[in-house]
């Protein structure tokens, strides 16, 4: 199986994304970052029995002076202050110093929490991302956005803190439940929709292979997604411009997650429905053609994802979207498509138009 290395170009804080099968066991990939240091593995109750020992063995082989395992409950519902504090408590109990390296082994929740802990502990320590879900491999492990949730909004409390490296082991995706796997495909579709029409066409042509977890198709999807994410992060690390476009579907999606209780809808499922809503809004604003709206809806459906959201009043979604991180000067901003492959951030959208988009997406 071929392997790929992509560099996120951020000057002195540049770092590699390693993509391939079997990477989480390779000591040589960890060694430059952990040799002579304490390595604290942050994982969850589902992933720990599958991969924690393999990673710890690789860290020992890489020359870490010791390992510490911190196991969190599994699920978006636990991405909060209380469970973030478990990481801090474990580090303090172990008398972990500033030379400690956190190693996030798991999906987006683990990666976000470990990254935020690394950004905060003793005012900042290093961390590695070892994503084991498709969503984390193609999106959340790259770019340094770390956060926890608040009952009033998703990812509202956090920090930008880039990892030292990302090790995306595609073999780990074989253990994902079908629903979790499909949720990751939402972010793959997103990249094609906002940035690369040829990639979206490739996804349409290979949807069956992706759902079947064909190794070659999967390797290409992860690599191309990471290439696009790396380019955007290099352009706009702290989301002052172009990076906000990566939130296509997320304003709607985050509201769905908050309204239904974190975890009832997986992040990728909510984003999938949110992308359809965003496409409907794009058409109502006079940008996207109806045929393109239907094209996005169809590719979302073909990748095993929902194209309609839960039965929520549009007013409830509007209320929650007002708390979105992309809001500016008291106005909710939405990522809309001008055409497939070209997006922009729009503000001053009439609430009535947003309501119509929500209703249209449900039909």
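Take peptides 112-120, 270-278 and line them up by average Cβ neighbours within 10 Å, highest first, as a rough protection proxy.
Per-residue mean Cβ counts within 10 Å order the peptides as 270-278, 112-120.
Based solely on its DSSP helices, what 222 nm [θ] is calculated for the chain when runs of n ≥ 4 H residues each add -39,500 (n - 2.57) and the sum is averaged over all residues, nearest 500 deg cm²/dmol?
Rounded to the nearest 500, the figure is -13500 deg cm²/dmol.
I'd like to know how the chain sits against the 2.2 N^0.38 Å rule of thumb: what's its Cα Rg over that expected value?
Ratio of Rg to 2.2 N^0.38 Å for the chain: 0.95.
For the range 1-54 and the range 73-150, what is the separation of their Cα centres, given in Å?
14
Viscosity 1.567 mPa s, temperature 4 °C: Stokes-Einstein D of the range 152-280 from its Kirkwood Cα radius, in µm² per second?
82
Any idea what Rg and Dmax come out to for the range 52-135 if you just take the C-alpha atoms, in Å?
Considering the range 52-135 through its Cα atoms, Rg and Dmax are 12.3, 35 Å.
Can you bin every Cα-Cα distance in the range 210-276 into 10 Å intervals starting at zero and give me the percent of pairs per bin, rounded to whole numbers?
Cα pair-distance distribution for the range 210-276, in percent: 20, 32, 40, 8.
Which peptide among 333-344, 133-144 comes first, and what is the full order, when sorted by highest mean count of other Cβ atoms within 10 Å?
The peptides rank, most packed first, as 133-144, 333-344.
What FRET efficiency, computed as 1/(1 + (r/R0)^6) with R0 = 35 Å and r the Cβ-Cβ distance, is obtained for residue 322 and residue 179, rounded to the nearest 0.05?
Computed FRET efficiency for residue 322 and residue 179 comes out at 0.75.
Taking just the alpha-carbon atoms of the range 4-175, what radius of gyration and Dmax come out, in angstrom?
Rg then Dmax for the range 4-175, in Å: 14.4, 44.
I'm a student and want to see the number: the projected area of the Cα convex hull of the range 178-361, averaged over all directions, in nm².
9.6
With r as the distance between the Cβ atoms of residue 204 and residue 13 and R0 = 45 Å, compute the FRET efficiency 1/(1 + (r/R0)^6) and round to 0.05.
Using R0 = 45 Å, I get an efficiency of 0.80.
Quick one: which of 211-219, 229-237 comes out on top by average Cβ neighbours within 10 Å, and what's the full order, highest first?
229-237, 211-219
FYI, it's all coordinate maths here, none of it is from the lab. This structure is a prediction, so every number in the text was calculated from the model and none was measured. Note that we place each Cβ from the backbone using ideal geometry, even for glycine, and neighbour counts take in every protein chain shown.
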